[in-house]
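The values are calculated or read from the model by the stated rules, or taken from the named source; none is laboratory data. Everything quoted here is computed from the prediction, not taken from an experiment. Please note: Cβ atoms are built from the backbone with ideal geometry, for glycine as well, and neighbour counts cover all protein chains shown. With ligands, DNA and RNA removed, areas are computed over all heavy atoms of the protein, side chains included. Shrake-Rupley method; radii C 1.70, N 1.55, O 1.52, S 1.80 Å.
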Amino acid sequence: MKKLICVLLCMVMALCALTSCGAKGKTLAEVQEAGKLVVATSPDFPPFENLEGGKVVGIEVELMEMICEELGVEFVIEQINFEAVLTGVQTGKYDCGMSGISVTPKREKSVLFTDAYCLAAQCIVVRADSTIASKADLEGKTISVQTGTTAAEFCTSEGYTLKQFEANQDAKLALTQGKVDAWVVDDLTAAEYCKGDASVKILNENMTTEPYAFAFAFGSEDLVAEINTILAKLMSDGTVASLFEKYDAPYTAPTNN
Ligand code: ARG
């Protein structure tokens, strides 16, 4: 009898894992009933989300404002470290993750992504007087990255020595203070951080191509489908491209939606 119960329990658990029952994501109806979408973000990522006078501003903020307006819900921002965004979404603490999040096969196992709305890349930032000229020169060097990012993952897989920081400002500071040899970070964000700063330079070699999307917990399938419809419209009518233009950032449309 005990054995039978055990077998049954195992079957239920396996079924749960397969069908993502116990999923934490809110449905479209649940979000509309709550009247708000709680969005987690790490606002150290211009031009996508950045703090200006205590307010979070940027391309993704404006995009999410439009999405929430279409959904008919209030847009509520929660500021947290990037590292905590995806787990916070996965466990249902937040309805959505908005943080210049790159879609990767590994992340797709734990969260549900909307369609991508742009393409980005990882790039290398070094001090202006550095002799590092390309990725090949990074061998044996120490690199700063933001914790939990694709940059951290990529650099780990390349075998570089890493110094990890919760905030991008500190990852950059480590470079300018000479504590690391290079900083690996997303291209458009690098451009923003380096604007008008003669002490650093961005190398002309991108290391990866990464689509950005918004993250939800499993269970939010119908909400994500609705947002995909809204995103498709905002992309095809040029709204997304004009947002990038507003923030002086080159726009690369995703190719694989
Ligand atoms: N695109 C990179 C990733 O998904 C970095 C994102 C960092 N975002 C942030 N708001 N600091 O890992």
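Treating only the Cβ atoms of Lys and Arg (+1) and Asp and Glu (-1) as charged, compute the dipole magnitude of region 105-200 about its Cα centre; round to the nearest 20 debye.
Values: 10 positive and 14 negative charges, 34 e Å.
It works out to roughly 160 debye.
With r as the distance between the Cβ atoms of Glu62 and Glu205 and R0 = 51 Å, compute the FRET efficiency 1/(1 + (r/R0)^6) and round to 0.05.
0.95
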Discussion item. Can you tell me which of Tyr247, Tyr117, Tyr212 moves the most in a GNM of the chain? Springs connect C-alpha atoms under 10 Å apart.
Written reply: Tyr247
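Roughly speaking, what is the stretch gain from Asp137 to Ala198, that is 0.36 nm per residue apart minus the C-alpha to C-alpha distance, in nm to one decimal? Let's see the in-between values first.
Numbers: separation 61, 0.36 × 61 = 21.96 nm, distance 2.13 nm.
Here the answer is 19.8 nm.
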Worksheet item: Can you pull the accessible area of Glu52 for me, 1.4 Å probe, Å² to the nearest 10?
Response: 120 Å²
Practice prompt. For an R0 of 30 angstrom, estimate the FRET efficiency from the Cβ-Cβ distance between Ala121 and Ala167 and round to the nearest 0.05.
Written response: 0.90
Response to the item:
Expected field for Val224, accessible surface area in Å² at 1.4 Å probe radius, rounded to 10, holds 10 Å²
Discussion item. Rounding to the nearest 10 and keeping the result within 0 to 90°, find how far the Cα-based axis of helix 59-71 lies from the longest principal axis of the chain.
Written reply: 20 degrees
Practice prompt. Springs between alpha-carbon atoms under 10 Å, Gaussian network over the chain: tell me which of Gly53, Gly219, Gly25 tops the mean-square fluctuations.
Written response: Gly53
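If you take the beta carbon distance between Val76 and Ala29 as r and set R0 to 25 Å, what does 1/(1 + (r/R0)^6) give as a FRET efficiency, to the nearest 0.05? Write out the running numbers ahead of the final one.
Details: r = 18 Å, r/R0 = 0.72.
Efficiency computed from Cβ-Cβ geometry: 0.90.
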Practice prompt. Return the calculated 222 nm mean residue ellipticity for the chain, to the nearest 500 deg cm²/dmol, obtained by summing -39500 (n - 2.57) across DSSP H runs with n ≥ 4 and dividing by the residue count.
Written response: -11500 deg cm²/dmol
Worksheet item: Full extension from Ala128 to Thr147: what is 0.36 nm times the residue separation minus their Cα-Cα distance, to one decimal in nm?
Response: 4.4 nm
Worksheet, complete the sentence: Taking a crude spin-label model, label points 7 Å out from Cα along the C-beta direction, the Ser110 to Glu83 distance in nm is 1.2 nm
Worksheet, complete the sentence: Given unit charges at Cβ for Lys, Arg (+) and Asp, Glu (-), the dipole magnitude of the chain about its Cα centre in debye, nearest 20, is 1040 debye
Item to complete: Show the residues, 5+ positions off or on another chain, whose built amide H is closer than 5 Å to the amide H of Asp186.
Response: Cys123
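Could you please put Leu173, Leu63 in sequence from largest to smallest accessible area, using a 1.4 Å probe?
On the way: Leu173 80, Leu63 0 Å².
Ranking Leu173, Leu63 by accessible area, largest first, yields Leu173, Leu63.
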Worksheet item: To the nearest 10 square angstrom, what accessible area does Asp44 show with a 1.4 Å probe?
Response: 10 Å²
Worksheet item: Does a label point 7 Å from the Cα of Thr156, set along Cα-to-beta-carbon, have any residues of region 66-106 with amide nitrogen under 17 Å, and which are they?
Response: 82-88, 102-106
